[in-house]
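The structure under discussion appears below in the form of structure tokens.
The values are calculated or read from the model by the stated rules, or taken from the named source; none is laboratory data. For clarity, every value in this text was computed on a predicted model and none was experimentally measured. Every residue, glycine among them, receives a Cβ derived from its backbone with ideal geometry; neighbour counts consider all protein chains shown. Please note that ligands, DNA and RNA were not included when accessible areas were found on the heavy atoms of the full protein model with its side chains. Shrake-Rupley method; radii C 1.70, N 1.55, O 1.52, S 1.80 Å.
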Amino acid sequence: MKATTGAVVGLAACAPLLLAVPILAIGAGTASATCSTDGAQAVDAAAVATQVKDILDGGNKGSVSVPGMDDPAEQVPNAKTIQATGVAMSIPARGQIVALATALQESGLRNLNYGDRDSLGLFQQRPSQGWGTANEILDPVHSSTKFYEGLQKVSGWQSLSITQAAQAVQRSGLPDAYAKWEPLATALQQAIEPLLSKSRDASPSPSPSGSAGAADTAPEAGGGCSANRDGPDFGVIPPGAVPAGYTVPADVPAKVQTAIRWALGQLDTPYQWGGSCTASHGKDPMGRCDCSSLMQQAYKAAGVTLARTTYEQVKDGKAVSVGALRPGDLIFTEGTAKSPEHVGMAIGQGLIIHAPHTGDVVRITTLASWKPQILAARRVI
């Protein structure tokens with residue numbers, strides 16, 4: 001991070017830091033979001049919402065200009081990734097705003113491959129201070145996860161000011177610099193939030209690879225590993241949305257949690273056959289995900305190597321039966337058991353995340369809708 005002084009708060013990725021509470025939404029703003037913090041300026045929330053919609057819907061900057069958002073084509077997708085990671089970790093809206101304000105100050109919401117000393121990425125985290133390797137820090141989901149983990153270690157962070165909360169994690173040499181970004185961060189959070197929690201009444205588009213349908217319906221109580229939980233109690237799951245009540249399972253290995261969180265960070269990004277899934281929120285279609293690259297990159301984020309294609313991935317790990325599935329298991333459909341053509345990942349509570357096909361987006365569906373088609377399942381960890 002920029003101009004750091006002293007030691008960075010120690011972070012550990014191995015312990016689950018998930019809060020089983022609903023995501024809190026800030027009340028709808030008026031034409032401007034304001035903050036009484038010294039140095040903060042009013043922001044036109046309506047203009048921010050328009051800019052967010054322009055970028056995320058069509059990839060165009062549009063005619064709206066927002067101070068602090070001079071490169072929205074890069075900044076808005078990064079903001080969405082930060083916020084989506086927070087949603088996946090059950091971080092309330094206030095925490096998402098802290099993260100967005102921090103990234104606005106540290107990098108201008110750009111995934112920088114340079115910075116003060118060895119600082120890198122959206123939050124200008126330093127490999128030498130235990131935030132991860134350089135490649136990990138340049139992964140927006142990893143860097144966002146590490147920031148939120150650091151925030152959750154701060155006692156009473158929910159009652160702190162944006163500046164106090166951010167500074168407790170970052171230990172910046174400019175501790176008062178975060179305050180001025182609170183209005184823009186708040187406006188971004190409010191504009192992106194509806195895109196991450198779409199109406200449960202929305203009708204998903206059909207998908208031959210087991211996308212949400214009439215059988216897709218709040219989860220049963222209990223952990224994520226029950227063999228007889230296959231998701232039939234969830235309502236219709238809109239494309240790219242996380243169903244109400246879902247949290248990343250806390251009773252699975254840390255690497256599985258990391259892989260699931262990383263995959264959830266790609267929700268609602270367009271499918272691309274042959275895509276590498278290395279920049280799913282970017283402009284280049286070939287950086288987006290197909291079914292097997294989503295699995296490969298999710299486990300890569302957890303430090304686990306998978307083969308690239310479904311034909312090879314069906315040989316990774318060890319075989320498991322459908323009745324013994326656990327979160328993190330790879331589930332194969334279409335084609336044959338030896339040469340399957342589609343793959344998804346079990347994420348707990350009877351849910352599967354996958355990249356279905358051209359014209360669709362990375363989405364969550366239920367195990368119940370997949371069971372008739374399952375050809376094989378493999379446990380990587």
Point to revise | At 0.692 mPa s and 37 °C, Stokes diffusion of the stretch 121-191 via Kirkwood alpha-carbon radius, µm² per second | key: 252
**Study point:** Coarse-grained scattering of the stretch 256-365 at q = 0.11, 0.14 Å⁻¹, given as base-10 log I(q)/I(0) from a Debye sum over alpha-carbon atoms
**Key:** -0.29, -0.47
**Study point:** Karplus 3J(HN,Hα) series, Hz, for the stretch 316-332 with 6.51 cos²θ - 1.76 cosθ + 1.60 (x for Gly, Pro)
**Key:** 6, x, 10, 6, 9, 7, 4, x, 10, 4, 10, x, x, 5, 8, 10, 10
Check your understanding: Computed over the Cα atoms, what is the radius of gyration of the stretch 316-358 divided by 2.2 N^0.38 Å, N being its residue count?
Key -> 1.16
Point to revise | Segment Ser321-Glu334, extension gain: residue separation times 0.36 nm, minus the distance between their alpha carbons | key: 3.0 nm
Revision key, fill the gap. The stretch 99-165: relative contact order from alpha carbon pairs under 8 Å, six or more residues apart, as a whole percent, is 22
Check your understanding: What are the semi-axes of the equivalent ellipsoid of the stretch 305-381, taken as the square roots of 5 times the eigenvalues of the Cα gyration tensor, listed largest first and rounded to whole Å?
Key -> 16, 15, 12
Check your understanding: For the stretch 290-345, which whole percent of the accessible surface, found with a 1.4 angstrom probe, sits on carbon and sulfur atoms?
Key -> 50
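What does the highest-first list of 316-324, 357-365 look like by mean Cβ count within 10 Å?
Values: 316-324: 13.2, 357-365: 20.3.
My ranking of the peptides, most packed first, is 357-365, 316-324.
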Check your understanding: Taking Cα atoms of the stretch 76-128, Rg/Rh with Kirkwood Rh, to two decimals?
Key -> 1.00
Point to revise | the stretch 96-175 versus the stretch 252-291: alpha-carbon centroid distance in Å | key: 22
Study note, to complete from the structure: Of the stretch 302-321, those with amide N under 20 Å from the point 7 Å along the Cα→Cβ vector of Glu341 are 308-315
